[in-house]
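Just so it is clear, none of the values below were taken in a lab; they were calculated from the coordinates. All of these numbers come straight from a predicted model, not from anything done at the bench. Here the Cβ positions follow ideal geometry from the backbone for every residue, glycine too, while neighbour counts run over all protein chains shown.
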Amino acid sequence: MNVLLLSQHHPELMRGGSQQVAYDLFLALRARGVAATLLAAVDADAGFGKPGASITGFDGRPGEFLFLSRAYDEVWHKMEDPAQAEAYAAFLRLVQPDVVHFHHFLKFGVELLSLTRRVLPAARIVFTAHDFHAVCAAEGQMVRLTDGSLCDHASPARCHQCLPARPPEHYFLRALWMKTQLDVVDVFTTPSRFMVAHFVKFGLAAEKFRVVGNGVSGGVARREDRARRNVFGFFGQLVDAKGLHILLAAVTILRESGFEDFAVEINGDNLHFASPARRAEIEAIRAAEAARPHPNVFFNGAYHHDQVAARMARVDWCVVPSVWWEIFCLVISEAWCAGRPVIASHAGGPAERITDGVDGLLFDLGDARALAATMRRACTEDGLWERLAAGITPPPDASAMAAAFLEVYAAPAGSGEILAA
């Protein structure tokens, strides 16, 4: 079998969950003897200015290539440079994959799906939805920009309310464009069960979906000798949707109540992608913490995938305060690999994966007071950490994920769930 994987960004050039999953799958498939090729889209966000060629190798690594995206239409998610489409078509003819597995269409263009079908009519096209970009014009997060509440379906009227700069008919045409391109997909996969209902509401066929949980790779660095379990860790991009502001608000609430016997370690970067107001708020808090004689909050900066286990070993609890659906949340798997219970928002992927009181704790999404109460409980309740840590089931690794996707590549659509995580 010859498999081509398309990924939004390369994890070594820009960290993110979907690209890490795609890369881990690529390596795991090759380890199983599968002829796998990775094509990762990069653009100015990853430090690439105005590239000349459309496709190039990456550091001479076997099977790894970069798609140098340019003139990309962020509204319709399509290319505006015909030369890029020609380069992609030529690449398909050169590689001749049996399976083309899209892990995203961002920075490529969603029309590459139908282009793939025209160039390779016999190839099996698989699309893994790591978010709701196909459904939601507001960065694929399905969060109502009017009030911050979660959205369970898109419509021209609802989308116009969130993004009033364009008329309702624009969103009708956008949905039609997306569904026309997605129609060529043979099998859709999602890492979480709850996502399927959203896509079915959007108009995609339920029988085309299968649930395949994301595998996790990397070493494990455990530390079990702490007498106190009062160190909390945040891991991820410092953008609005990840909810760091909720965690920082919870810190303020705890301090104001007189409770300061805890620490919070912030691991991540890309604060420049946050909204201006949120960025200013977080930068002010970072400066204030640096000036405190005895700070509770420590900003550790960016980290490489290979550093996750070591940083996870420094904390007792992993906090996921996301204010969107949070599709799967790879950091939950990374925390569980290190034996760390997770405290997370009660919505989307975390709510599906975590059993409250068994292997982690859940709190109401966006509720800083509820998070503060949960953190205080985590610090003070005797035996809680030990009980939750003992309840953790190790998540599937990258090899198990590869085995599951090999079934997807070979099996008919609509065969149901094959790997739950």
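Taking only Cα atoms, what is the 0 to 90° angle, nearest 10, from helix 17-31's long axis to the longest principal axis of the chain?
Once rounded, the angle reads 60 degrees.
Putting +1 on Lys and Arg Cβ atoms and -1 on Asp and Glu Cβ atoms, find which of Phe102, His170, Ala291 reaches farthest to the positive end of the dipole of the chain.
Phe102
For helix 82-95, what angle does its Cα long axis make with the longest principal axis of the chain, in degrees from 0 to 90 and rounded to 10?
Here the helix axis deviates by roughly 90 degrees.
Using +1 on the beta carbon of Lys and Arg, -1 on that of Asp and Glu, and nothing else charged, what's the dipole of the chain about the Cα centre, debye to 20?
About 240 debye.
If you place +1 on the Cβ of every Lys and Arg, -1 on the Cβ of every Asp and Glu, and leave all else neutral, what size is the dipole of the range 231-390 about its Cα centre, to the nearest 20 Debye?
Values: 14 positive and 21 negative charges, 48 e Å.
Taking the Cα centre of the range 231-390 as origin, the dipole is about 240 debye.
Given that compact globular proteins tend to follow 2.2 N^0.38 Å, what is the ratio of the alpha-carbon Rg of the chain to that value? The partial results should precede the final answer.
Numbers: Rg = 21.6 Å, N = 421, 2.2 N^0.38 = 21.9 Å.
Expressed relative to 2.2 N^0.38 Å, the Cα Rg reads 0.99.
How many angstrom lie between the Cα centre of the range 17-89 and the Cα centre of the range 105-170?
Their Cα centres are 20 Å away from one another.
Take the alpha-carbon centre of the range 228-302, take the same for the range 325-341, and report the distance between them in whole Å.
Taking the Cα centre of each part, the range 228-302 and the range 325-341 sit 19 Å apart.
Per residue and in cubic angstrom, what volume does the convex hull of the Cα atoms of the range 231-390 have?
On the way: hull volume 16.7 nm³, N = 160.
In the range 231-390, the Cα convex hull volume per residue is 104 Å³.
Straight distance only, please: which aspartates and glutamates reach the Cα of Lys208 with their own Cα at less than 13 Å, same-chain residues fewer than 8 apart left out?
Lys208 reaches Asp183, Asp186, Glu417.
Go through the range 1-45 and name the trypsin sites (Lys or Arg not before Pro) that are in a DSSP coil and have 14 or fewer other Cβ atoms within 10 Å of their Cβ.
Working: sites: Arg15, Arg30, Arg32; in loops: Arg15, Arg32.
Of the trypsin sites (Lys or Arg not before Pro), the ones in loops of the range 1-45 whose Cβ has at most 14 other Cβ atoms within 10 Å are Arg32.
How about Lys78: which lysines have a C-alpha closer than 18 Å to its C-alpha, ignoring those fewer than 8 places off in the same chain?
Reachable lysines: Lys50, Lys107, Lys179.
Give the aspartates and glutamates reachable from Lys201 as a straight Cα distance under 13 Å; neighbours fewer than 8 places away on the same chain don't count.
Excluding near neighbours in sequence, the set is Asp152.
Gaussian network model of the chain, Cα springs within a sub-10 Å range: biggest mean-square fluctuation belongs to which of Arg222, Arg166, Arg278?
Arg166
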